[in-house]
Amino acid sequence: MRPKRLEIEGLQSFREKQVIDFETLGETGLFGIFGPTGSGKSTILDAITLALYGRVDRADRGTQGIINANSNRLRVSFTFDLKKGSEVKTYRVERLYSRKKDSDSSTVDMARLIEVTPFGEMPLADKAGDVTAKIEERIGLNHNDFTKAVVLPQNKFQDFLMLNTSDRKKMLERIFYLEEYGQQLNERVKSKLDGLKHGKDIIQNVLNELGDASEEVVKQAEKRLEEAANEKKQAEAQFKACEKKYREAGDLWQLVQDMELLRQQEQQWLAQKDEFENKKDILQKAILAEGLVSMLERNRKTAEELEKTRSELKNVEDVLPEMSEKLKQLEQQYAQIRNTAEKQQPVLMEARTRLVDALSLVKQRETLASKINDITVQWKALNNQIKEKDELISQARARLEKWLEEQSEIREGLAANTVDPEYRQAMQSGSVLESEAGKALEDVQTIAGKIKDQKDKISKLISSKESLSGNADLIRHKMNALMKEFEDHTQKAPGDRNEVLQNMKRLNELQNLQGDLKRAKGDLSRLEGNKSQLCADIQVIEDRRTEARARLENLQKQTETCRQSLDSLIKELDQHRAYLLAGKLVEGQPCPVCGSTHHPRPANLSSNVEASSLEQEISAAQDRLNNAEKELRKAESELLILDEQKRSLEERLDQVAKDIAFAAEEYAKKAEELPAELKFLDPDELKKHLDERRKRDEEVLNAIDAWEQKTKTYQDQQRKLQDDLYKAEAEIGAILAEIKANQDSLDSQEKESKAALEKWQEKKTALEQFHSTWKVESPSKELQLIGEKDKKYRELSDKDSRLQQDIDKEKKNIERLIDEKSELAGKLAALEAEGKSLRQQYNELDERIKQAAPNGNIQEEIEKIDRKLEAFVQAEKQNREQFDELQQQYHQTVTKQSSLIKEKEIYSQQYETEMEELTKAMEEKGFADDLQVRSSVKDKEEQRLLQQEIGEYEQKGVNLQAQRQLLEGRLKGRSITYEEWDQISKDYQEAVEQRDKSLANYELEKSRRTEIVRKHNRWVKWNELKEKISNRIILLTQIFDLLKGDRGKDNSFLDYIAEERLRYVAAKASETLGHITRYKYALELDSEEGFIIRDNGNGGVPRRVSSLSGGETFLTSLSLALALSEQIQLKGQSPLEFFFLDEGFGTLDSELLDMVMDSLERLSTNERVIGLISHVQELRERISRRLVLDPPDSIGRGTRVRIERA
C-alpha cells in the first residue's frame, strides 16, 4: 500500500480543506512532518485511519469529539495504490461526518470506496460497514494491525520492549493470530484423521462387498472355463458337418421348388395362347386398315404434297432391304448369345459359391492370426517382467543384510552416549545460577553509572531552559511589529478576486455561446448551398425525363408500324397458299378444306411474289419487331429510374428545408441568450468585444495576484515567527518535562541500585554452595559437554529409527516382489495354453482355404466371375433391345411405304381413279366396305400396346424355355422329397442349438472368470490401501496428541512458534540497531525469552533494557518496532510501502540523531517510504522533503499545510 493524496476538512485542528500530496513528499523515500505542538501533526495519521477504518484511536468510541469546534461537518478523502505482484490498482476512500445537535458526537453522512481506473471511477461500496470490510479485504489488515504496522505513536515506543515474558508472548500470539492458527491446525489434523478413519471404514465395506476373492477362487474359475472351452470345440465341429449337408440339401430343395413353379408358369402361358392368336389377327387387320384409312384421308390433301410423297417413298424403299437383313442378323446373334449363356452360367455360379465360402474362412484365419500375435507379445512381456522381479529380489536382499549390520553398530553408540538424569538436572540448575550471579553483578555496575549520568544531565537541562526563555521574549516583540505593517497592507487591496473570476467565468460562457452562434451560422450557409444544389439537380433530372418520354413515344410508334407490316406479310402468305390449293380444285369433287363439291369463287393471287420470298420477309419483319420491343422496354425502364431519382431528390430537398428552418430557430434561441446590448452583434464582432473585456479582467487579476503574493510574504514571515515562538515554548516545556522525568528516573535508579546489590549477594552465596557440593570447574561447561552427548544420542537415535523403517519396508518389498513373480508365472502358463489352441485352429482353417482356392486370390476370382455373368446379361439385354427397336422401325417403315404408295396413286389420278384403287385395295385386304375398314382401325398407341402385349407373351415363352433348360442343367437328374429336406433341417437346427448353448456356456464361464479376476485385483489393491491408511492414522494420531498439549507447558506447540517468531523479530531488530549505532549495541534474548542489550562498545557486556538511557531506549524501541512492523506487514495481501514515526527524536543528542538519520535514509527505499513526525529543528534541516504545518491562528483559521523542498 502506498499513499498518494490525503484531503482533510473539519478534523480536530484542520478547519478548512487541506490537501497533502504524498507522491511529492515520498520522492526521496524519506520525508518529515513538522510543526509546533498542537499544529495537528498526529491528526494527519488520525485522518488516514479515519478514512480507512472509520475510527480515531485517540477519540472516545472512535469518533467522539473529532470535529473541529468551529465546524459542523468533517470530511476526509484518502487516495492510495495497492500493489499485487506486478499489478497496481488505485483506490480512493471518502467519509463525511456531521455533528449531532448539542453534542460532541458525530454521525456518518457518507462513506464510499472507489476504484480509479484509466476508463473512469468504479464504486465498490457505499456504506460505512461495507467500506471498512472492503478495505480489510483488499489490504489484508484490520485497524489494530494497520496502526501497529504503519504508525509508532507518541509515548508507545518502549511498550513492547519493556513487557514481561508472559505478556510479550500473549501480545505476539494476538498480533500473529497464533492461538487461532493452532486451533485451525488442530482442527485440520483432526479433520484429516476423521477422514482417514472414514476412508478405512469405506474400504472395509468395499472388501465385505467383494466377498471371497482369493487366489483359490480364481483357479476354480479358470478350471470351469477350460471345461466349457472343450465343450464348445466339440459342438462347433458337429455344427460344421451338419451345416455343409444342410447347405447342399437346401440348394437342391430350392431347385426342385423352382422347377415346380416353372411348370405352373408354363401351364398359365399355354392357357393364354388362343387369346393372343386373336390379338395377333386384330393387330394384322389394324395394320391393313391403317393403309386404307390413309387412302381415304389422302383424298382431302392438296396436290402440292405429291412431290413430297414421291421423295419420301424413294427413301423408304432404299432403307427397307437393309433393315430386313439386319433383323435376321440380330435374330441369329441373340440365339448364339443365349446358347452360350445357358452353358456357362451354371458353371460360373457354382464356382462363385465355393469362393464366397472360402472368403469367410480367410477372415476367420486373419482373426486367429491377430489373436496369436497378441498372445506372443504378452508372453514376451510377462517373461521379461519375471526376470526383472528376480533381479529386484536379489538387490533387495543385499540391501537388507547391509542395513542390519549398520543397525548393530548404531545401538552400541546409543549406549555409550546416555547421560544420568540426576547429574543433568544438577548441572542445569548450576548453569542458571552462574548466569544469574554474573548478570546481577553487571546490573549493580550499570545502575551506578546511570545514576552519575542522570545527575549531570539534569544540570545541563536547567541551563538550557534559562537560555530559551530569553529567545522567546525577543520573538514576541518582532511579531507585534510585523502585525502593524500587515494591517496597513490589507487596506490597499486592488479588488475582489472572486468578483473578477465570476466575470471571467461569464466571459467564458459568452465565448462558448459565440462559438455556437458562429457554428450555427456556418450550418445555415452550408444548408442553403445544399438547397441550391438540389434544385439544380432536380431541374437536370426533369430535362432528362422530358427527353426520355419523347423517345418512348417515338419507339411506341415504330413498334406499332413493325407489327402492322408483319400482319400484312402473314396475310399475303395465307392468300398465296389458298391460291395454290384452289388451283387443284375440280368442280364436282370435294374441297380438302371445307368438303364442298362446288367452288364458285376460287382464290386469286394479288401479287407475283414467291412463297419463299414472303417467308424471308416475314422473318425480317419479326426481327425488326423484336428489336423495337426491346428498345421500348429499355426506354420504359430508363424513364422509371429517372422518376425515382427525381422523387428521391425532392425528398432530400424537403429535409434540407426542414433543417434550414431548425438551424435558423436554433440560431435565434442562442442569440436570445446574449445580453441585450450584444444581441444584434455579428459573431465576429461579438468575439472582438469579448476579447477586449477579457483583457481588462486579466489586468485586474494580475494586480490582485501581486497584492496576494505580498500578503503571502507577510503571512509567511508571521508563520515563521510563530513557529519560532512555538518551537521555543515547546522546547522550554520539553526541557521542564525532561528535567522532571530525569529526576523521577534518578529516584527510581537509586532504588534499583539497592535492590540489585542485595540480589547479587544472594546469588553469590548460592553459587559458592553449588561448587562445594559438585566439585566442578564450571557448570556451564559441563552442561555444554552433556549437550554434545545428547546431540550425538539424538543423531544416532534418529538414524536408528530411519534405518529400522527402511529394514521393515525392505522386508515387505521382498515379500511383495515374490508374490508378484508368482502371479506373473501363472499368467505365463495360461497364455502358453491359449496360444497352442489358437495355432491348431489356424492350421485347420489354412488347409481348408487352400483346398477351396489353390492360387489364394479369392476376391479377384469372385470379381472375375461376377464380370462374366454381368457380361452375359448385358449382351442379351442389349441384343434384345436392338432387335425390338429395329423390328418396330421395320414395321413402321413398311406401313409408311404402303401409305406413301397409296398417296402417290391418289395424287396421280383424279377422284374416279382414286375410288377405283380404294375399292380394289379393300377387296385385296379382305374388307367388304369402308365401314368394316373404319371398325378395324386402331390408333398408333393401341397398336403399340397390342404389339407390346404380343411381344411380352412371346418373350415370356422364350424365357420359360430358357429357365427350364437352366434348371434341368443344375438338377442333373437329382431330386429330394419334402420329408428328406425336413429331416435335414431338423438335424441342422439341433446342431445350431447345441453350438449356441455351448458357446453361451463358454461366454458365461469366461465372464465369471473375468469378474472373479477383476474382484481379486480390487481385493488385493483395497487391502494394500487399507494397510497404508492404517499407518497414516497411527502417525496422525501421534501428531494430534502432540498438538493437544496444554498452553504454557514446555511442549506447547504455540509457545514454540511464539518463541521462534520472537527470535526472528529480535534478530531483525538487532540488525537494524547495529546499523543505527554502528554496531555498538545488539539486541538478544536471555534464557527466559526476555530482551537484553549486548554492549559491544563495552566489551560485549549484557545489559537489561531497564538500564538503558532515554536515547538508548528510543533507538532500541525504534529498531524493535521496525522489525515488528515488517512482520505484521507480512500478514497483508499487499505490501505496506510507508511507515510513520511519531516523536521521540527529542531524547537524542546530535551524534545519535545523525546516526539514526543515516540509518533511516538507508532503510527508506522506493519500496518503503518513511515519514517522521517531529518538532526537532536539526531533524528538519536533515530532511529534503518536508510537510510543514501552520497551527490555527487567532482569527479563526485552522491548520494549514505546505510542502518544502531542500
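The values are calculated or read from the model by the stated rules, or taken from the named source; none is laboratory data. Predicted, not measured: the structure shown is a model, and the values here were computed from it. All Cβ positions, glycine included, derive from the backbone under ideal geometry; neighbour counts span all protein chains shown.
Observations, loosely collected:
- Residue count, segment 360-401 (criterion: without any contact (Cβ under 8 Å) to a residue 60 or more places away in the chain and either of a type in the set (A, V, I, L, M) or not in a helix (DSSP H, G or I) (or both)): 3
- Residue list for segment 496-541, restricted to those being surrounded by 13 or more Cβ atoms within 10 Å (Cβ to Cβ) and acidic (Asp, Glu): 516, 523, 528, 537
- Residue that is surrounded by the most Cβ atoms within 10 Å (Cβ to Cβ) [pool: residues in segment 78-108 that are small (Gly, Ala, Ser) and free of Cβ contacts under 8 Å to residues at least 24 places away in the same chain]: 103
- Members of segment 462-478 found to be surrounded by fewer than 16 Cβ atoms within 10 Å (Cβ to Cβ) and touching a residue at least 24 places away in the same chain (Cβ under 8 Å), listed by number: 462, 464, 469, 471, 476, 478
- Residues that are over 30 Å from residue 514 (Cβ atoms) and not polar (S, T, N, Q) are absent from segment 666-683 altogether.
- Residues in segment 1149-1164 that are in contact with a strand residue (DSSP E or B) (Cβ under 9 Å, 6 or more places away or on another chain) and among the aliphatic types (A, V, I, L, M) were compared, and the one that is modelled with the lowest pLDDT is 1163.
- Residue that is surrounded by the fewest Cβ atoms within 10 Å (Cβ to Cβ) [pool: residues in segment 806-839 that are farther than 16 Å from residue 374 by Cα and polar (S, T, N, Q)]: 822
- All of 544, 526, 601 fail the test of being over 25 Å from residue 622 (Cα atoms), modelled with pLDDT of 80 or more and among the charged types (D, E, K, R), apart from 544.
Quick grid of which residues meet (1) modelled with pLDDT of 70 or more; (2) surrounded by fewer than 14 Cβ atoms within 10 Å (Cβ to Cβ); (3) in contact with a helix residue (DSSP H, G or I) (Cβ under 9 Å, 6 or more places away or on another chain):
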{"site": "173", "(1), (2), (3)": "no, no, yes"}
{"site": "189", "(1), (2), (3)": "yes, no, yes"}
{"site": "193", "(1), (2), (3)": "yes, no, yes"}
{"site": "201", "(1), (2), (3)": "yes, yes, no"}
{"site": "235", "(1), (2), (3)": "yes, no, yes"}
{"site": "239", "(1), (2), (3)": "yes, no, yes"}
{"site": "246", "(1), (2), (3)": "yes, no, yes"}
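- Selection within segment 975-1001 - assigned to a helix (DSSP H, G or I), polar (S, T, N, Q) and without any contact (Cβ under 8 Å) to a residue 12 or more places away in the chain: 983, 989
- Residue match in segment 34-46 (condition: at pLDDT below 90, surrounded by fewer than 20 Cβ atoms within 10 Å (Cβ to Cβ) and at positive phi): yes
For every residue, the table says whether it meets (1) among the charged types (D, E, K, R); (2) modelled with pLDDT of 80 or more; (3) closer than 30 Å to residue 228 by Cα; (4) assigned to a helix (DSSP H, G or I).
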position: 767; (1), (2), (3), (4): no, no, no, yes
position: 777; (1), (2), (3), (4): yes, no, no, no
position: 793; (1), (2), (3), (4): no, no, no, yes
position: 796; (1), (2), (3), (4): no, yes, no, yes
position: 812; (1), (2), (3), (4): yes, yes, no, yes
position: 819; (1), (2), (3), (4): yes, yes, yes, yes
position: 833; (1), (2), (3), (4): no, yes, yes, yes
position: 841; (1), (2), (3), (4): no, yes, yes, yes
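- Of all residues in segment 1121-1148 being outside any helix (DSSP H, G or I) and over 54 Å from the mean Cα position of the chain (by Cα), the one that is modelled with the highest pLDDT: 1148
- Residues in segment 47-71 that are without any contact (Cβ under 8 Å) to a residue 60 or more places away in the chain, part of a loop (DSSP other than H, G, I, E, B) and at negative phi: 56, 58, 59, 63, 66, 69.
- Taking segment 953-1004 as the range and being closer than 23 Å to residue 269 by Cα and not aliphatic (A, V, I, L, M) as the test, the residues that pass are 953, 954, 955, 956, 957, 959, 961, 963, 964, 965, 968, 969.
- Residue within segment 477-493 that is within 30 Å of residue 696 (Cβ to Cβ), part of a helix (DSSP H, G or I) and of a type in the set (Val, Ile, Thr) present: yes
- Some residue of segment 410-426 being farther than 30 Å from residue 1100 by Cα, in contact (Cβ under 8 Å) with a residue 24 or more places away in the chain, assigned to a helix (DSSP H, G or I) and within 60 Å of the chain's Cα centre (by Cα): yes
- Number of the condition not met by residue 1012 [criteria: (1) exposed (fewer than 15 other Cβ atoms within 10 Å of the Cβ); (2) under 60 Å from the mean Cα position of the chain (by Cα)]: (1)
This table checks each residue for (1) in contact with a helix residue (DSSP H, G or I) (Cβ under 8 Å, 6 or more places away or on another chain); (2) part of a helix (DSSP H, G or I); (3) in contact (Cβ under 8 Å) with a residue 60 or more places away in the chain.
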site	(1), (2), (3)
923	no, yes, no
927	yes, no, yes
944	no, yes, no
947	yes, yes, yes
951	yes, yes, yes
959	no, yes, no
964	yes, yes, yes
973	no, no, no
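- Among (1) more than 25 Å from residue 720 (Cβ to Cβ); (2) modelled with pLDDT of 90 or more - the single one residue 64 does not satisfy: (2)
- Inter-residue pairs, beta-carbon under 8 Å, first basic (Lys, Arg) and in segment 1005-1027, second not in a helix (DSSP H, G or I), 6+ apart: 1015/211; 1015/213; 1018/213
Listed here are the residues, each with its yes/no results for (1) surrounded by fewer than 13 Cβ atoms within 10 Å (Cβ to Cβ); (2) modelled with pLDDT under 85; (3) hydrophobic (A, V, I, L, M, F, W, C); (4) closer than 30 Å to residue 1095 by Cα.
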residue: 379; (1), (2), (3), (4): no, yes, yes, no
residue: 404; (1), (2), (3), (4): yes, yes, yes, no
residue: 418; (1), (2), (3), (4): yes, yes, no, no
residue: 438; (1), (2), (3), (4): no, yes, no, yes
residue: 450; (1), (2), (3), (4): no, yes, no, yes
